[in-house]
Amino acid sequence: MRSTAVKSPNRLLSSLTDMIGSRMAHQFYEHVLDSRPDRSERHTAESPRGGLADKASGVEPLARDQVVRLAEGVTLLHVGMAARYVIEKMSRIPCEVELASEFRYRDPILEESGLVIIISQSGETADSLAALRLCKERGVRTLAVVNVVGSSIAREADSVIYTWAGPEIAVATTKAYSTQMAVLDLLAVYLAAQRNTISAEEANRLTAAIAALPARVEQILSSREQIQYYASQYFNHDSVFFIGRNLDYALGMEGSLKLKEISYIHSEAYASGELKHGTISLIEEGTPVIALSTYGPLFDKAMSNVVEVQARGARVLALTTETHREAMLARTDRVLTVPEVEPMLLPQLGVAPLQLLAYYIALERGCDIDKPRNLAKSVTVE
């Protein structure tokens with residue numbers, strides 16, 4: 001039953017719209033892309049600027065095939081999953097993604113010639129900080145991607161790149177995810193340019209596309225009524241499944257997490273190719289399935305998975321690009337779209353409608369969206 005207890009806009013939605021403000025967007029891209037050569041190699045609270053062109057960024061030595069590891073918490077694991085696809089595809093550097101909470105307990109094999117990137121919004125997460133210290137003990141170069149200037153992780157890492165997202169008060173992270181993805185996409189472009197796996201022209205084109213993302217997200221926010229309508233159709237279910245391939249799988253993981261965090265609906269994300277390996281047994285008449293098909297090269301395979309779950313009775317809500325909207329409408333009449341962008345940027349764009357869907361579903365269920373039960377903004381204990 002719909003609750004009217006929550007009537008005013010809250011911080012989760014504010015975080016989304018706040019990120020789009022032209023001043024913040026301009027400031028973020030100016031900081032991250034800044035390539036002035038006269039900055040110091042360490043970035044402190046007194047001198048906090050950190051850009052990809054700094055020697056302090058710790059990425060210049062990766063001219064050969066060393067491994068990049070990304071260690072983080074759950075939401076940031078999803079950032080890392082998407083970044084792995086992009087970094088490996090563009091720069092051809094092997095990349096691994098780790099949960100910081102598990103990283104040090106498996107006695108990881110670390111090479112001094114590699115790079116470990118620690119991703120954290122607060123810069124104080126206990127598991128991420130412990131993973132950082134383990135890397136330093138073993139002589140491995142560390143690069144922090146953090147939001148809070150002067151935080152513990154920013155101070156202790158060999159190098160730091162700040163995301164400049166501004167304060168994020170809502171427990172469920174939104175703009176931190178988007179700015180972290182932007183930093184790692186820029187890092188992927190930088191690494192690829194350094195290794196000559198992309199041309200200077202392509203690097204400039206991709207950088208310009210990243211800088212144009214706020215305007216693309218604003219397009220999605222301006223048509224939120226359709227998302228709100230679909231939320232009213234799905235809010236009373238006990239379980240929801242997200243399916244996708246490649247970048248869409250990483251995107252689905254984050255969309256699923258946001259839904260369970262703030263609406264308390266059981267939600268799981270699966271790689272579409274794994275449906276036949278047990279998961280499809282959970283699909284029955286009326287089961288909600290969010291089918292993600294924004295990644296163009298795999299659209300036909302995504303369509304086959306939509307057919308597969310519909311044959312078992314699933315109620316499919318699809319998320320795709322404007323180019324593929326008509327093709328998807330041939331299979332389901334519930335379709336959300338995102339504007340066309342470079343494929344590597346799709347997770348940044350696709351996450352906005354999924355965040356809004358989670359927001360409106362939680363609103364329909366009368367949940368406290370700003371303060372989800374049992375959760376804290378920064379996890380400073382194990």
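The values are calculated or read from the model by the stated rules, or taken from the named source; none is laboratory data. Computed from a predicted model, the values in this text were never measured in an experiment. Neighbour counts run over all protein chains shown; Cβ positions are idealised from the backbone, glycine included.
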TODO: Would you please list the contacts, defined by Cβ atoms under 7 Å and residues six or more apart or on different chains, that run from a residue in the range 94-113 that is within 14 Å of residue 136 (Cα to Cα) and free of Cβ contacts under 8 Å to residues at least 40 places away in the same chain to a residue that is of a type in the set (Gly, Ala, Ser) and assigned to a helix (DSSP H, G or I)?
DONE: 103/131; 104/130; 104/131
Task: Single residue of 110, 132, 76 found to be surrounded by 21 or more Cβ atoms within 10 Å (Cβ to Cβ) and at pLDDT below 90 - done: 76
Open item on the list: Exactly one of these conditions fails for residue 229: (1) aromatic (Phe, Trp, Tyr); (2) surrounded by fewer than 16 Cβ atoms within 10 Å (Cβ to Cβ); (3) within 24 Å of residue 78 (Cα to Cα). Give me its number.
Closed with: (3)
Task: Test: residue in the range 331-346 that is buried (at least 20 other Cβ atoms within 10 Å of the Cβ) and free of Cβ contacts under 8 Å to residues at least 40 places away in the same chain - done: yes
Open item on the list: Tell me whether the range 292-313 contains one or more residues that are buried (at least 23 other Cβ atoms within 10 Å of the Cβ), assigned to a loop (DSSP other than H, G, I, E, B), among the polar types (S, T, N, Q) and modelled with pLDDT of 90 or more.
Closed with: yes
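On the given criteria, is residue 286 more than 29 Å from residue 176 (Cα to Cα) and not polar (S, T, N, Q)?
Details: more than 29 Å from residue 176 (Cα to Cα): yes; not polar (S, T, N, Q): yes.
Against the criterion (more than 29 Å from residue 176 (Cα to Cα) and not polar (S, T, N, Q)), residue 286 qualifies.
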Open item on the list: If a residue must be part of a loop (DSSP other than H, G, I, E, B), at pLDDT below 90, of a type in the set (Gly, Ala, Ser) and within 15 Å of residue 125 (Cβ to Cβ), how many such residues does the range 143-178 contain?
Closed with: 0
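Taking the range 252-288 only, how many residues are in a helix (DSSP H, G or I), in contact (Cβ under 8 Å) with a residue 40 or more places away in the chain and among the hydroxyl-bearing types (Ser, Thr, Tyr)?
1
The rows are residues; the columns are (1) buried (at least 18 other Cβ atoms within 10 Å of the Cβ); (2) polar (S, T, N, Q).
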residue	(1), (2)
167	no, no
181	yes, no
200	no, no
207	yes, yes
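Would you check if residue 273 is more than 15 Å from the chain's Cα centre (by Cα) and not hydrophobic (A, V, I, L, M, F, W, C)? Show your work before the answer.
Values: more than 15 Å from the chain's Cα centre (by Cα): yes; not hydrophobic (A, V, I, L, M, F, W, C): yes.
Yes.
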